[in-house]
1. May I ask you to list the residues in segment 107-133 that are crowded, with 24+ Cβ neighbours inside 10 Å, within 20 Å of the chain's Cα centre (by Cα) and in a helix (DSSP H, G or I)?
2. Please work out if residue 139 is within 14 Å of the ligand (Cβ to nearest atom), buried (at least 19 other Cβ atoms within 10 Å of the Cβ) and within 23 Å of residue 268 (Cβ to Cβ).
3. List, please: which pairs have Cβ atoms under 6 Å, are six or more places apart or on different chains, and start with a residue in segment 37-49 that is closer than 22 Å to residue 23 by Cα and end with one that is within 13 Å of the ligand (Cβ to nearest atom) and part of a strand (DSSP E or B)?
4. Restricting to segment 291-320, name every residue that is part of a helix (DSSP H, G or I) and touching a strand residue (DSSP E or B) at 6+ places or on another chain (Cβ under 7 Å).
5. Of all residues in segment 269-290, which are assigned to a helix (DSSP H, G or I) and crowded, with 18+ Cβ neighbours inside 10 Å?
6. Somewhere in segment 122-132, is a residue touching a helix residue (DSSP H, G or I) at 6+ places or on another chain (Cβ under 9 Å), more than 11 Å from the ligand (Cβ to nearest atom) and more than 19 Å from residue 71 (Cβ to Cβ)?
7. Given segment 152-254, what strands (runs of 3 or more DSSP E) lie entirely inside it while holding 3 or more residues that are crowded, with 21+ Cβ neighbours inside 10 Å and within 22 Å of the chain's Cα centre (by Cα)?
8. Is it true that some residue in segment 242-262 is out of contact with any helix residue (DSSP H, G or I) (no Cβ under 6 Å at 6 or more places or on another chain) and at positive phi?
Ligand code: ATP
C-alpha cells in the first residue's frame, strides 16, 4: 500500500481549490498516509519545492479564494526530460502518488507522470466548466455568482440611464459562464461559442428594443468571441441608437470566497481522489455526473464531447 502522496494546484486558479487541498490532506492523514504539498504546480515538482503537510496546514482555508499552494504554468513540463527531474525528486522522497488540481492541460501532465511511474489523479479546478467528464468544475459556481453580482450592479445604471451594456465574461472557449449568467440575469442577448448570431440579427433585435418600450439592454458575451469588445459596443451604439458601453469583468471573476456548492464539490472530489490512490488507481480524473462522484481515464475524459446544454440554449429564446 502507498504511504506518501503529494498534492498540487496547476493552471489558472479557481475558488474552491483550497477546499480540495484540505480534503486531500485531511482524508490522506485519516487513512494513515503522509501528505506533501507541492508549491507552484508542476514547477514545484521540478524545483523540489515540496513540504510535509499536517492537519493544521489546512486549517481555516475553506473560505479563502485562490490556492495556498500557489499555481503556475510550466510549458517545459511537456518535455519528458523535464518530467524526469520531477519523477526523480518524488522518488527520492518516497512520494508514490499525486493529486493534481487543475484544468485539462494539467490533466495531460498528470497522465504523462502516471506513465512514468507516479500514479496521479486529476481534480477539475477551473472556473471555465470546460471539462466534459464532470457536470461542474470546482470554481464555476462561485464565478457564476460573482458575475451575477457584478451584472446586478451594472443593471442598475443600465436601467437608470436607458443604456445597453455589453458584458464580456470569462470561460476561455467554453460558453457556460455566459449562458448560465445570461439566463440568471434574463439578459436581452447571450452570445457564446454555442450561440453565435449574425451581426445583422444582433443589431436588428437591439434596435427593436430601442424603439420599443424596453429602453435598456444587457448583452452577455463570452470572451474571445470578438477581437475587440469595445469596437463591438461602438457598432451597437452607431447602428441601434442605444448609448452602449462595454464592460470586461476580468479577473474579479476568478477571485473570492468559494460558494457553498464549490466547497462541497471540492470536499467530495478530494476525498474520492484519495480513495482512488489507495485503490492503486492512476491516470484518472474525478468528475461529478448526476450528483454522483465518478472517475474516468484521463485520455478518455479529454475525448468526451462537451455538453452544450441544448435545453438551456433553447431557453434563451423561450424566455425573451
Ligand atoms: P486552465 O483551465 O485554468 O487553463 P489548465 O490546467 O488547462 O488550467 P494549462 O496551462 O493548459 O492550464 O496547463 C497547466 C500546466 O499543465 C502547463 O503549464 C504544463 O505544465 C502542464 N501541461 C499542459 N499540457 C501538458 C502536456 N501535454 N504534457 C505535460 N504537461 C502538460
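A short reminder: the numbers here are calculations on the coordinates, not readings from a lab. All of these numbers come straight from a predicted model, not from anything done at the bench. As a convention, Cβ positions derive from the backbone with ideal geometry for all residues, glycine included, and neighbour counts pool all protein chains shown.
1. Residues satisfying the conditions are 107, 109, 110.
2. Yes; evaluated as a whole, the condition is true for this residue.
3. As it stands, the answer is 38/8; 41/8; 44/38; 45/38, since those pairs meet every condition given.
4. 298, 301, 313, 316
5. Keep residues of segment 269-290 that are assigned to a helix (DSSP H, G or I), which gives 269-278.
Scanning segment 269-290 gives 269, 270, 271, 272, 273, 274, 276, 277.
6. Yes, that holds for at least one residue.
7. Numbers: elements: 163-169, 189-191, 217-222, 243-248.
Once the strands (runs of 3 or more DSSP E) in segment 152-254 are filtered for at least 3 residues that are crowded, with 21+ Cβ neighbours inside 10 Å and within 22 Å of the chain's Cα centre (by Cα), what remains is 163-169, 217-222.
8. Yes: segment 242-262 contains one or more residues that are out of contact with any helix residue (DSSP H, G or I) (no Cβ under 6 Å at 6 or more places or on another chain) and at positive phi.
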